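Below is one structure; the comments refer to it alone.
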Amino acid sequence: MKKWLIPLIVLVVVGIGLYQWAVGFNNTAVQFEADAKTAWANVESSYQRRNDLIGNLVKTVQGAADFERGTLTDVIEARAKATATTIDANNLSAENLAAFQQAQTGLSSALSRLLVTVERYPDIKANQNFLELQTQLEGTENRINVERNRFNESVNIYDVHIKKFPNSIFAGWFGFEEMPRYQADPGSDQAPDVEFDFD
């Protein structure tokens, strides 16, 4: 057996091993990235459900002739801004997430003011449609929180996979970049006072 044949065989075996390792890394990273993007789509879907419910809530409240128009206008404008602020799953940057979150926080704040104002209107509070929308809205807020947590978990799995050594080398070669997580709003450690009164 020729002496040059052994190093050649070793090189071929090492090359095949590296190729399989790279393919395995790439395929797993693609799967984790797709899972994170799907999780983001679920976050947006939950927010869209909230936007739809808020639209119905506003229509119900508008029926009260003497209801404060400024409060309604704030909610309508915040809802329009929140609906217009979307993120393509392929462009989940920290800046885009912050803009999305800011729009949603503005809508949450306007909605809180609306619900506090409704407390002064017994006819609206007694409206069955309004009560049902409040219940659905509360459930949707819980769903949003669950979906954001699932998104962050999916992003964490993806980020850990591409940051571990030697995966980080392959990540650079294949163009996989770290994804941002959904962050809590500043001051969110103070729970918002949005209580639904069903009396």
Inset, instruction - Inspect all residues belonging to the range 94-108 and state whether any of them is without any contact (Cβ under 8 Å) to a residue 24 or more places away in the chain, over 18 Å from Ile144 (Cβ atoms) and of a type in the set (Gly, Ala, Ser). - result: no
Inset, instruction - Taking the options Ile144, Ile162, name whichever one is touching a Phe, Trp or Tyr at 6+ places or on another chain (Cβ under 7 Å), of a type in the set (A, V, I, L, M), over 30 Å from Asn26 (Cα atoms) and touching a residue at least 40 places away in the same chain (Cβ under 8 Å). - result: Ile144
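Quick one: which of Ala103, Ala126, Ala94 is surrounded by fewer than 16 Cβ atoms within 10 Å (Cβ to Cβ), closer than 30 Å to Phe32 by Cα and either of a type in the set (A, V, I, L, M, F, W, C) or out of contact with any helix residue (DSSP H, G or I) (no Cβ under 6 Å at 6 or more places or on another chain) (or both)?
Testing whether each residue is surrounded by fewer than 16 Cβ atoms within 10 Å (Cβ to Cβ), closer than 30 Å to Phe32 by Cα and either of a type in the set (A, V, I, L, M, F, W, C) or out of contact with any helix residue (DSSP H, G or I) (no Cβ under 6 Å at 6 or more places or on another chain) (or both) leaves just Ala94.
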Legend entry - Failed item, numbered, when Val23 is tested on (1) within 30 Å of Asp123 (Cα to Cα); (2) modelled with pLDDT of 85 or more; (3) among the hydrophobic types (A, V, I, L, M, F, W, C): (1)
Inset, instruction - Restricting attention to helices (runs of 4 or more DSSP H) lying wholly within the range 26-137, give those where 2 or more residues are of a type in the set (Gly, Ala, Ser) and modelled with pLDDT of 85 or more. - result: 69-84, 94-118
Inset, instruction - Return the total of residues in the range 21-51 being among the hydroxyl-bearing types (Ser, Thr, Tyr) and touching a Lys or Arg at 6+ places or on another chain (Cβ under 8 Å). - result: 1
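The values are calculated or read from the model by the stated rules, or taken from the named source; none is laboratory data. Just so it is clear, the structure is predicted and the values come from calculations on it, not from any experiment. In this analysis, Cβ positions are derived from the backbone assuming ideal geometry, glycine residues included, and neighbour counts consider all displayed protein chains.
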